[in-house]
Amino acid sequence: MKILDRYLLKSFLGTFASVFVILFFIFILQTVWLFISELAGKDLDFILVLKFLLFAMPRIIPLVLPLSVLLASIMTFGSFAENYEFAAMKSAGISLQRAMRSLSVFILLLSIAAFFFANNVIPYAEYKFINFRKDIAQMKPAMAIAEGQFSDVGSYNIKVEKKEGENGNHLKGVTIHKKAGPFEGSRNVIKAKTGELVSNEKSNILKLVLNDGYYYEDLVPKKFEERKKLPFAKSSFKKYIINLDLAKLNNAGSVDFSINNTNTMLNINELRYTLDSLNKSYHKDVVSFSDNIYMRTGINAFTPKDPTNGKLPMNKPLLSNFKPVEQSTILKVAAGNIVSSTFAIDGTKLEMDYKRKVINSHWIAFYDKFVIAFACILMFFLGAPLGAIIRKGGLGLPIVFAVLIFIIYHFINTFSKKVAQESGMTPFMGCWMATFILTPLALLLTYRATNDISFISMDAITEPLRKTFNKIFKKK
C-alpha cells in the first residue's frame with residue numbers, strides 16, 4: 001500500500017469511526033425512549049438493562065452504517081478539497097478515481113461484512129431480544145407492578161403498597177380493579193392484606209395468590225328505579241388466585257413482542273425454506289377454495305358448443321318445467337346461495353390478503369439483507385464526489401447534505417416497502433426502489449467530480465438573467 005493510500009484510508013477511518021459512534025449513540029437513545037415503559041420503574045438491575053440494550057443494538061446497524069459512510073465520505077473528501085489536497089494530487093498526476101481506489105476496496109469489504117452481519121447477527125439478536133423480554137417477565141414478574149400506583153396488567157389494574165422478597169414477589173396492601181367491558185355495567189374491586197406472585201419458566205401463566213381480603217362487585221338491577229340504590233355484593237376470602245397472562249405484561253403495545261413475527265429472525269436459507277412453505281400453503285388454499293365455490297354452484301358439466309355455427313344450442317328456459325310457486329322457491333334458494341357465496345368470497349379474500357402480506361414481509365426481509373450491503377457502496381459514491389464538489393469539510397454543510405440525502409433514501413425505502421407489503425408492487429421493487437432512484441445521481445456526481453464540473457452550473461442560471469436585465473436597461 002502506498003503512502004497516499006494509507007493517508008486517505010487513515011483520514012477516512014478516523015472520521016468514519018467518530019461519526020459511527022456518535023450516530024450509534026443517538027439511535028441507542030431512541031431505542032431506550034421507545035422501550036422506556038419496560039425499563040423505567042421495574043427494579044431491573046444494570047446487567048439486565050445492559051443485556052436488553054445489547055440485544056437491541058444490532059437492529060440499529062442498517063440505519064447507522066449507510067448514514068455513517070455517507071457523512072464520513074462527504075466530510076473527508078470535502079476537507080481534502082477545501083485544503084487544496086486534491087489540487088496537489090492532480091498536479092502530481094493523481095486523479096480522483098485513483099484517490100478513491102483504496103477507499104473503494106475498503107467500502108466493498110465493509111459491504112460484504114454488512115451482508116454477513118445482516119444475515120447472521122441481526123436475526124440471532126432479534127430472536128434473543130424478543131425472548132429476553134419474555135424471560136424478564138418470567139424471571140421477575142413483579143417488575144410489571146410498581147409500588148404506590150396502579151399498574152395496567154392485562155384486564156386488571158393492580159396497586160400495591162409495598163413489595164418484599166428477593167424479586168419483589170411478596171406484596172402488601174393489594175388493591176385490584178378489574179376492567180369492565182364496554183357493555184358491562186358491573187365493577188369489581190379486590191382488596192387483600194398480602195399477596196404473592198408465583199411464576200414458572202415453562203409456563204406463560206403468572207399466578208397472583210391473595211390472602212385475607214374482600215371482594216366487592218357492583219350490581220346493576222334490571223329495573224332502572226332500583227339502580228339509584230347502587231347495590232353491591234361483598235364477600236371475604238382467605239385465599240384467592242388470579243391467573244395473569246405473561247404475554248400482556250411487557251407488551252406495551254409493541255408488535256415486535258409477538259413470536260409470530262419471525263421474518264426478522266431468519267437468515268437467507270431459513271427464509272427460502274419458509275417462503276417455499278408459505279407459497280405452497282397459499283396456492284393450496286386458493287385451489288381448495290375455488291373448488292369449494294365451484295361445488296356450491298352445482299354445475300357439473302358445461303353444454304357443448306354446436307360444431308356447425310359455434311353457438312350454444314337453443315333450449316327451453318331453465319325453469320319452464322316447474323310451476324310458478326316452485327320457480328319462486330328455486331329463485332329464493334339461488335339468491336340465498338349467491339349471498340352466502342359472496343360472504344364466503346369476501347371472508348376468504350381477507351384471509352388470502354393477510355397470507356399474501358405475510359409472504360411479502362418475508363420477501364422484504366430476504367431482500368433487505370442485500371440492500372444494506374449495496375447501500376454502503378451507494379452512499380460512498382454519493383458522498384465522496386459530493387464532498388469533492390462542495391469543497392467543504394467539518395460538521396456544517398456536509399451534515400446538511402448527508403441528512404437531506406439520507407432522509408430522501410429512507411423515505412423512499414420505507415414508503416416503497418409499505419406499498420410492497422400491501423401488494424402494490426413486487427417486494428423486489430419495494431426494497432430496491434430507493435437504490436434504483438439514487439444510483440443515477442451517484443453516477444452523475446462521480447462523473448462531474450472526476451471531470452472538475454460543479455454539480456450545478458451557476459452560469460446556466462445567471463447568464464439568461466443577465467441578458468434579460470441588459471435588454472430591459474437598454475430599452476429604458
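The values are calculated or read from the model by the stated rules, or taken from the named source; none is laboratory data. Because the structure is a prediction, the values reported are computed rather than measured. Heads up, the Cβs are rebuilt from the backbone with ideal geometry, glycines too, and the neighbour counts pull from every protein chain shown. When the accessible area is computed, the model is the full protein with side chains, heavy atoms only, and any ligands, DNA or RNA have been set aside. Shrake-Rupley method; radii C 1.70, N 1.55, O 1.52, S 1.80 Å.
What to note about this one:
- Using only the C-alpha atoms, the convex hull of the stretch 15-128 corresponds to 109 Å³ per residue.
- Computed over the alpha-carbon pairs of the stretch 368-460, the distance histogram in 10 Å steps reads 16, 41, 29, 13, 2 percent, short to long.
- Largest to smallest accessible area among 33, 432 [probe 1.4 Å]: 33, 432
- Packing-based order for 104-111, 168-175, 363-370, using average beta carbon neighbours within 10 Å, highest first: 363-370, 168-175, 104-111
- Its Cα gyration tensor gives the stretch 58-110 an equivalent ellipsoid, and the semi-axes of that ellipsoid, as √(5λ) in whole Å with the largest first, are 27, 13, 5.
- Packing-based ranking of 376-383, 280-287 yields 376-383, 280-287, ordered from highest to lowest mean Cβ neighbour count within 10 Å.
- Using 0.36 nm per residue and subtracting the Cα-Cα separation, the extra length available between residue 356 and residue 196 on full extension is 53.1 nm.
- Placing R0 at 22 angstrom, the Cβ-Cβ distance between residue 164 and residue 235 gives a FRET efficiency of 0.20 after rounding to 0.05.
- Across 178/239; 179/239; 128/178; 128/191, pairs whose alpha-carbon gap is larger than 29 Å: 128/178; 128/191
- The modelled label-to-label distance for the pair residue 18/residue 331, using points 7 Å beyond Cα in the direction of Cβ, is 8.5 nm.
- Subset of 280/357; 280/417; 51/207 violating a 25 Å alpha-carbon distance limit: 51/207
- Total formal charge among the other residues, if their Cβ is under 10 angstrom from that of residue 213, Lys/Arg +1 and Asp/Glu -1: +3
- For residue 277, net neighbour charge (Lys/Arg +1, Asp/Glu -1) across residues whose Cβ lies under 13 Å away: +1
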